[in-house]
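Before any comments, here is the structure.
The values are calculated or read from the model by the stated rules, or taken from the named source; none is laboratory data. Just so we're clear, the structure is a prediction, and the values are computed from it rather than from any experiment. Here the Cβ positions follow ideal geometry from the backbone for every residue, glycine too, while neighbour counts run over all protein chains shown. Side chains are part of the model used for accessible areas, which takes the heavy atoms of the whole protein and leaves out ligands, DNA and RNA. Shrake-Rupley method; radii C 1.70, N 1.55, O 1.52, S 1.80 Å.
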Amino acid sequence: MPEEDKKKKFKHGGLQGKIFRLCIMLVATASIGFAVLGIIELALLQKRAVMSGKNQIATISEISQGSMMEITDENMKRMALSTASEVYWEIWVMQHDAVTVAGQVWDILHNLDEYEERELLPPSKENEGKLALQLLLAEGVTPTEEEMAIARKLANIAPAMKQMIRDNDYYTLDLLIALPNGITISVDTLSGLKVDENGDPLAFDSRQRPWWKGAVETRNYYLTPPGYSDLLDESDIAFGIPIYDGDELLAVVEGSLYMENIEQVLSDVEYGQQGFFVVVNEEGTLIYSPRDFGELKGDKTYKTNIYEGSNEKFKDLVTRTFANEGGFEEIIIDGEEYYVVYGIGITSDWTLYMFVSKQEVEAPTKQLLDSMAETNRSTLMEYGKLFSKSTVVVIIAIALLMIQATVAALMFSKKLTVPINKITKQVGSISGDNFYFEMDNAYRTEDEIEVLAGAFQELSDKTRDYIKEITEITSEKERIEAELNVAQRIQADMLPKIFPIFPDRKEFDLYATMDPAKEVGGDFYDMFLIDDDHLCLVVGDVSGKGVPAALFMVISKTMLKNRAQMGGKPSEILAEVNNSLCEGNDEMMFVTVWLGILTISTGELIQASAGHEYPVIRKRGGDYELIETENGMVMGAMDGMVYEDLTFNLKEGDCFFMYTDGLPEATNAQDERLENDRMMNAINKHKDEELSEQLKGIRQEVDAFVKEAPQFDDLTMLIIRYNGPDKKTDVAALS
């Protein structure tokens, strides 16, 4: 084909010709359509604008009001719940520390011979402002040497009590151990307030304190109402936790918390300019209010009572709140309208109320509607003025647009196609490992074509870098995954997993499973014969998850097995292994352990527990039952711990079930736990199945409960059925 024909074909049939014709066609079509429709639409636009403006304002007003109420309700409830949780957390931390101290007091009072006496002195001015251990005595009390010896042994808890106060950034006012004989052991920074001007200790009788009386009367954890101290110019709340041995009162542990800490949590939360919280207890006492005036004026002496006020609506809300009712309503406080969220409990007798100004909530909606109405009026006035001008402008614009489009299409089509064709050719040459694109002067058009070429060059460079980076990342990821898989297999291989594990022993059936929450976990179980007549069973749960827990699990499992094979009672085994685990435990890891030794010929099962879950037993033909037993201290936390043995006599057909806390603490997406009741229902639902099927069935019940929620903790289960002594062995022994 001649060169002239090629150029002609390209000119009229190529990209340049197509772009030119397309531009002209689009402009012509748009111009004609615009001319016809534009004039008609301009005539109708004013009429539609009037109706549209009215309908729009009415619709937005209705939707905004409803949406505003829903959003305000939801946001206030969410913020109130979050704030109540923060306040409860402050109280819970204090309660948890006091419960921990109570547990240590119980252990010392029941094992006095195992503890040394430590120095215990009266308060002194020199310790003012220092965290100090002090001996306080009620008026007229002169303790005997035996009573002082017990008090000095209880002083062993002082380091832990001091650490608890430090851990709480000194928000905790004090921790006390009060004995019925008038002796009180205190840890606080207020030594200077407990001596007179001569430095002599002042009398202190815990038995007259509200926290003592409340704890003794209820025989349970007791939280006092807030109280204000003129001496300290501070308000606080106190906990009393009684320690009983049967009907005998051994001691009461007290902890107090500055109300300033709780008030700070409440005052730090902001919702608008006028939002605020108040806290009221069941008696109607105003526990907290940031307002210094009006119906909800705060009183640091806590003498303001809602039921004695004049606001009947708020009285009714408080009454309904403590009848377990909650909600979102309008209320008038000091003559101003507010929205209030109520029924948000903090403790059993404290509830939170959140107030937000109704005017402040509705202000954005009102401002929006006013602005829209004014804009609508101005727009309608302009429509009339612009209508006549628009018709002329449309005709002129169409003519100019056609001329401009023709010239621009000719210039643009030619300029666009040359660099695009070259880019296309160079990009088409990229293949295989060749990702190189080079910038050329033909692409430097100072427009999007140059940007496109630059982007191709940048993409080329980044692609090569990405390929290199992805190759390195993939290699590293595969290495890490391979190591975790090896660790998972090593951990799995350490646990007995081929059942029956003792096929020649007909006296019992045994099965166990362990499902880690991560690739590797901290749960473990073990079963091995100490001798022909004694079977050792172990279930443990290391604190934490992942590789650190797995390493500590290996150490714990190995130590327990090695020590158990040396003989001895479960309590002795746990005590010695605990001391070994405490050595060099700088990471402060710990493990809960249940260890039982079954005498195969008699069915006697002796167990000891180091902070582990309660065992579950099923008598032949009956249901599984949860047996609440005494638990010792977790292993690895503190050396010198003493553990107690407990004996169960298993009969033929009886079953014994042990597990880790991953079972009762399995949590669903609604943050609900399985808990003991649901756990027992799940166990008994499969009680008549084979042991392996029982564990599979229980696991299915857990999965059905948590549904799509991820597994939170490792889950381990072990079950044994005692079949009675081997009849052949008995006959041989008798003969």
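Here are the numbers for the structure shown:
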{"quantity": "Whole-Hz couplings from phi, Karplus 6.51/-1.76/1.60, listed for region 207-213; x for Gly and Pro", "calculated": "5, 9, 7, x, 5, 5, 4"}
{"quantity": "Net charge over other residues, Cβ less than 9 angstrom from the Cβ of Tyr171 (K, R count +1; D, E count -1)", "calculated": "-3"}
{"quantity": "In Å², nearest 10: area of Glu117 left accessible to a 1.4 Å probe", "calculated": "90"}
{"quantity": "Only Lys, Arg (+1) and Asp, Glu (-1) charged, at Cβ; region 65-119 dipole about Cα centre in debye", "calculated": "500"}
{"quantity": "Most positive-pole-ward Cα, Tyr614, Thr602, Met635, against dipole of region 574-730 from beta carbon charges", "calculated": "Thr602"}
{"quantity": "Separation of alpha-carbon centers, region 79-147 and region 355-406, rounded to whole Å", "calculated": "73"}
{"quantity": "Amide H partners (placed H, <5 Å) of Leu173, local residues excluded", "calculated": "Ser256, Leu257, Tyr258"}
{"quantity": "Charge dipole (debye, nearest 20) of region 220-261; +1 at Cβ of Lys and Arg, -1 at Cβ of Asp and Glu", "calculated": "120"}
{"quantity": "For region 361-366, 3J(HN,Hα) per residue [Karplus equation, 6.51 cos²θ - 1.76 cosθ + 1.60, θ = phi - 60°, Hz, x = Gly/Pro]", "calculated": "5, 8, 4, x, 5, 5"}
{"quantity": "Entries in Lys557/Lys687; Lys497/Lys557; Lys130/Lys194; Lys497/Lys696; Lys162/Lys213; Lys303/Lys358 that, when Cα-Cα distance is taken, lie over 22 Å", "calculated": "Lys557/Lys687; Lys162/Lys213; Lys303/Lys358"}
{"quantity": "Gyration tensor (alpha-carbon) shape descriptor, region 125-249, a/c threshold 1.5", "calculated": "rounded"}
{"quantity": "Amide hydrogen neighbours beyond the local backbone of Leu202, cut-off 5 Å, H modeled", "calculated": "Val195, Asp196"}
{"quantity": "Summed residue charge, Cβ within 9 Å of Ile617's Cβ, Lys/Arg positive, Asp/Glu negative", "calculated": "0"}
{"quantity": "Whole-Hz ³J(HN,Hα) from phi, Karplus 6.51 cos²θ - 1.76 cosθ + 1.60, for region 567-573, glycine and proline x", "calculated": "x, x, 7, x, 4, 5, 4"}
{"quantity": "Long-range HN-HN contacts of Ile287 with modeled amide H, under 5 Å", "calculated": "Val279, Val280, Asn281"}
